[in-house]
Amino acid sequence: MSKKAISIIILAAGKGSRMKSNKAKVLHNISGKPMLYHIIKASKELSDDITVVIAHQKEQVQEEMEKYFDNLNFSIQDAKKYPGTGGAMKNVTPKYEKVLVLNGDMPLITPKALEGFLEIDADIIMSIFDLQDPSGYGRVIIKENHVQYIVEQKDANDAELNTTTVNAGIYAFSKKLLQEYIPKLQNDNAQKEYYLTDLIKMAKNDNLNIVPLLVNEEHFKGVNSKKDLAEAEEIMQERIRNKWMELGVTMQLPKTIYIDESVVFEGECSVENNCRITGASKIINSHIKAGSVVQESTMIDSDCGPMAHLRPLSHITNSHIGNFVETKKAILKGVKAGHLSYIGDAQIDEGTNIGAGVITCNYDGIKKYKTIIGKNVFVGSDSQLIAPVTVEDDVMIAAGTTLTSGSIASGNLALSRTKLRLVKDFYYKFFSNK
Ligand code: UD1
Ligand code: CA
């Protein structure tokens with residue numbers, strides 16, 4: 001979609017008290033990214049003039065967004081003197097004549113869903129939808145097909161509360177209209193706030209042309225509470241899964257699979273039920289079996305699980321990671337680790353087999369150390385490799401060995417076991433005396 005001569009203002013200064021959290025509402029995550037991230041991402045496709053209005057936790061909000069985007073304008077709301085969505089608009093100076101205002105708690109918005117606001121010519125375009133349960137939203141009062149005003153839930157009388165047409169929270173205004181009406185807003189309402197929604201009443205009184213645009217909750221849902229957050233997450237997850245299935249990823253029982261928006265799949269991939277894939281993970285021609293968790297890791301021509309845990313910075317190429325294996329900061333190429341292992345801060349090369357129960361002991365209580373294992377090494381079951389340790393190519397490590405710091409040269413067998421002792425008839429003697 002090409003960028004239009006339109007300014008976008010995103011209101012993100014509110015506290016979000018209904019979230020019952022110390023974190024600013026717009027920083028709560030949907031599919032691994034703050035709500036505000038998703039809104040800015042959609043806005044960036046439409047406009048080169050984006051202003052984010054901030055106040056509550058303004059430093060954190062600005063810092064977080066600048067990690068992902070450049071060329072953002074930030075406007076600081078004087079939330080003490082001018083609280084409310086109208087107060088948020090006080091200091092904003094848009095570049096273009098047409099201005100789109102978005103609430104910062106609508107993470108499901110897409111560029112396509114905003115298209116309608118750019119196409120229609122009117123003094124005000126506002127978004128509405130009909131809901132069975134309109135609670136929380138401002139009610140839109142329409143008479144004879146004309147929008148009269150918006151009343152907030154806290155200010156509404158019984159008849160108004162029964163209205164199921166609500167304000168979705170996105171508007172297109174002209175810059176001129178904003179400059180004229182914003183300074184005139186009053187705060188004579190239940191919350192003693194300056195409501196942006198009062199602009200509708202003012203425009204109506206001046207006989208301006210107000211066009212209501214019917215939108216759907218799937219794209220325009222506002223997130224006020226943890227319950228709303230969870231509902232929005234479900235919608236976003238469905239979108240993410242559908243996108244990847246359309247691109248050829250096989251998913252078994254997709255509704256049980258969670259995928260962050262930053263995850264990328266390439267080639268022939270499949271994901272079984274109850275998997276969770278997060279962060280900047282890249283999955284190429286790989287198979288993730290049931291119940292596995294993959295965090296910020298790369299898998300190429302590999303499989304993992306069921307119940308495997310690839311923790312951040314695991315790079316697994318041409319390898320088999322079996323059940324109950326945990327990896328972290330591990331570079332594995334052509335490796336088999338079939339059962340019950342911890343492989344952390346390790347580098348393991350082609351043809352090496354990691355037996356059941358093998359542990360890289362990477363932490364001495366103060367610092368972390370590396371384990372390096374070469375090609376074609378056989379690491380017997382239940383061995384511990386106490387890092388730092390280097391095992392060269394073509395080494396055998398006998399089952400049950402505790403390998404202490406150092407280096408094992410090619411061709412060696414490493415074996416550390418106490419000698420087996422057999423005490424004849426001990427069993428019978430022991431129990432017959434009891
Ligand atoms: C708002 C609308 C309501 C609409 C609903 C749609 C108003 C007065 N009400 O209500 O009609 O149905 O959205 O989701 O606009 N914000 C600021 N500064 C503030 C207060 C809020 O920037 O002083 C920001 C918030 O961070 C948030 C957005 O504005 O992103 C909306 O605020 P919120 O308190 O969620 O408004 P609602 O009560 O949902
Ligand atoms: Ca809201």
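The values are calculated or read from the model by the stated rules, or taken from the named source; none is laboratory data. Being a predicted model, the structure only gives us computed values, none of them experimental. No Cβ is skipped: glycine too gets one built from the backbone with ideal geometry, and neighbour counts run over all protein chains shown. Ligands, DNA and RNA are excluded from the accessible area calculation, which covers all protein heavy atoms including side chains. Shrake-Rupley method; radii C 1.70, N 1.55, O 1.52, S 1.80 Å.
Structural remarks
- Residues satisfying the stated conditions in region 283-302, i.e. in a strand (DSSP E or B) and crowded, with 18+ Cβ neighbours inside 10 Å: Ile283, His287, Ile288, Val293, Val294, Gln295, Thr298, Met299
- Within the set Ala113, Ala88, the sole residue that is touching a helix residue (DSSP H, G or I) at 6+ places or on another chain (Cβ under 7 Å) and within 17 Å of Tyr171 (Cβ to Cβ) turns out to be Ala113.
- Of the residues making up region 38-47, at least one is under 19 Å from Gly222 (Cα atoms) and within 16 Å of ligand 2 (Cβ to nearest atom).
- The one condition in (1) crowded, with 21+ Cβ neighbours inside 10 Å; (2) out of contact with any Gly (no Cβ under 9 Å at 6 or more places or on another chain); (3) of a type in the set (D, E, K, R) that Asp121 fails to fulfil: (1)
- One residue stands out in region 161-182 among those that are over 37 Å from the mean Cα position of the chain (by Cα) and free of Cβ contacts under 8 Å to residues at least 40 places away in the same chain: the one that is least open to solvent (accessible area, probe 1.4 Å), namely Tyr181.
- Which listed residue is crowded, with 18+ Cβ neighbours inside 10 Å and closer than 24 Å to Thr110 by Cα, from Val211, Val215: Val215
- Any hit, region 115-125, residues being at pLDDT 95 or above and out of contact with any Phe, Trp or Tyr (no Cβ under 9 Å at 6 or more places or on another chain): no
- Checking Lys226 against (1) within 16 Å of ligand 2 (Cβ to nearest atom); (2) open to solvent by less than 70 Å² (accessible area, probe 1.4 Å); (3) of a type in the set (Lys, Arg), the condition it does not meet: (2)
- For the residues Leu199, Leu229, the requirement of being in contact with a Leu (Cβ under 9 Å, 6 or more places away or on another chain), farther than 30 Å from Ala330 by Cα and part of a helix (DSSP H, G or I) singles out Leu199.
- Residues within region 199-208 that are in contact with a Gly (Cβ under 9 Å, 6 or more places away or on another chain) and either open to solvent by 30 Å² or more (accessible area, probe 1.4 Å) or farther than 30 Å from Lys25 by Cα (or both), tallied: 0
- Of the residues in region 85-100, at least one is within 16 Å of ligand 2 (Cβ to nearest atom), open to solvent by 20 Å² or more (accessible area, probe 1.4 Å) and assigned to a loop (DSSP other than H, G, I, E, B).
- Of the residues making up region 402-434, those that are farther than 22 Å from Glu350 by Cβ and part of a loop (DSSP other than H, G, I, E, B) number 15.
- Residue satisfying all of: in region 241-253; buried (at least 18 other Cβ atoms within 10 Å of the Cβ) and not in a strand (DSSP E or B); nearest to ligand 2 (Cβ to nearest atom) among these: Arg241
- Just one of the listed residues (Pro83, Pro94) is touching a Phe, Trp or Tyr at 6+ places or on another chain (Cβ under 8 Å) and either over 26 Å from Thr278 (Cα atoms) or modelled with pLDDT under 95 (or both), namely Pro83.
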